[in-house]
1. Rounded, prolate or oblate: which fits segment 98-156 when a ≥ b ≥ c are the square roots of the eigenvalues of the alpha-carbon gyration tensor, with rounded for a/c under 1.5 and prolate only if a/b beats b/c?
2. How long is the gain from ALA99 to ILE65 if the chain were fully straight, where each residue apart is worth 0.36 nm and the alpha carbon distance is subtracted?
3. Count neighbours as other Cβ atoms within 10 Å of each site's Cβ, and list the trypsin sites (Lys or Arg not before Pro) in segment 166-206 that are DSSP loop with at most 16 such neighbours.
4. How far apart, in nm, are two points set 7 Å out from the Cα along the Cα-to-Cβ line at VAL42 and at PHE116?
5. Can you give me the accessible area per residue for segment 1-138, using a 1.4 Å probe, in Å²?
6. From Cα pairs below 8 angstrom and at least 6 apart in sequence, can you work out the relative contact order of the chain, rounded to a whole percent?
7. Using a Cα-Cα cut-off of under 28 Å, which lysines could be cross-linked to LYS30, ignoring same-chain neighbours fewer than 8 residues away?
8. To test your reading of the geometry: what angle, between 0 and 90 degrees and rounded to tens, separates the Cα axis of helix 147-171 from the longest principal axis of the chain?
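The values are calculated or read from the model by the stated rules, or taken from the named source; none is laboratory data. Since the model is a prediction, treat every value here as computed from it, not as a measurement. Here the Cβ is made from the backbone with ideal geometry for all residues, glycine too, and neighbour counts use every protein chain on show. Side chains included, ligands, DNA and RNA excluded: accessible areas come from the protein's heavy atoms. Shrake-Rupley method; radii C 1.70, N 1.55, O 1.52, S 1.80 Å.
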Amino acid sequence: MGELTSMALFGLGLSLGAFELGKLIQKKCKNPAANPLLIAIVLVIAVLQIFHIPYEDYEEGGKLISIFLGPATICLAVTVYRQGRILKANVLPILVGTAVGSAASILTVIGLCYLFRLDQVFHVSLIPKSVTTPIAMEISRAQNGIVPVTVAAVVLTGILGAIISPLLIRVCRIKNPVTAGVAIGTSSHVIGTSKAVELGEVEGAMSSISLVMSGIITVI
């Protein structure tokens, strides 16, 4: 029992420490590519490889963090509540935007899987790449997908969304914060939403509701 506890604390401490270091590096660099989550992933992998630590031992602590994924997602409802007036005024555009965005994501995955002749198991594992991790894992598990592949795809999609979304918004000259928020939330779920919150409260609120809607649509 003591060994399991020490492994859990090690995994938890390593994850939190790597993420805090990632935040520090991002603050110093002030570059979108210096995403704290991406830096944390690289640092954790490096530590496990250098010291030959089995992933199973590290995962004892990772499970503790996973418990908070659901509650952390639900907390985004606070931002949505604050922007209730804007949400009511834009219900139809949000529904249409999330539906089209979710459909585009799913069809793109299916098309690429067929193009590269991937097995059906990869189809169902990659389809939920643009929805938040707790929902994506359940979708993959229900369809007998490979859950670790799903999680990796979700994290990669979110990180890419957080990195390139500000650039795409500038390039496409998107001035409407509702449009920006819906686009980010639909395509890059919670990780992208963390960047949307930095862009503005309206963007964060619209991104939050969009990631929930895209999750529901993808489940259906």
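1. Values: a/c = 1.72, a/b = 1.06, b/c = 1.63.
Judged from the Cα gyration tensor, segment 98-156 comes out oblate (a/c at least 1.5, b/c at or above a/b).
2. Numbers: separation 34, 0.36 × 34 = 12.24 nm, distance 3.04 nm.
Once the chain is fully extended between ALA99 and ILE65, it gains 9.2 nm.
3. Details: sites: ARG170, ARG173, LYS175, LYS195; in loops: ARG173, LYS175.
Answer by residue number: ARG173, LYS175.
4. 2.2 nm
5. Working: 8920 Å² over 138 residues.
Normalised by residue count, the accessible surface of segment 1-138 is 65 Å².
6. 20 percent.
7. Correct list for LYS30: LYS129, LYS175, LYS195.
8. Between helix and principal axis, roughly 50 degrees.
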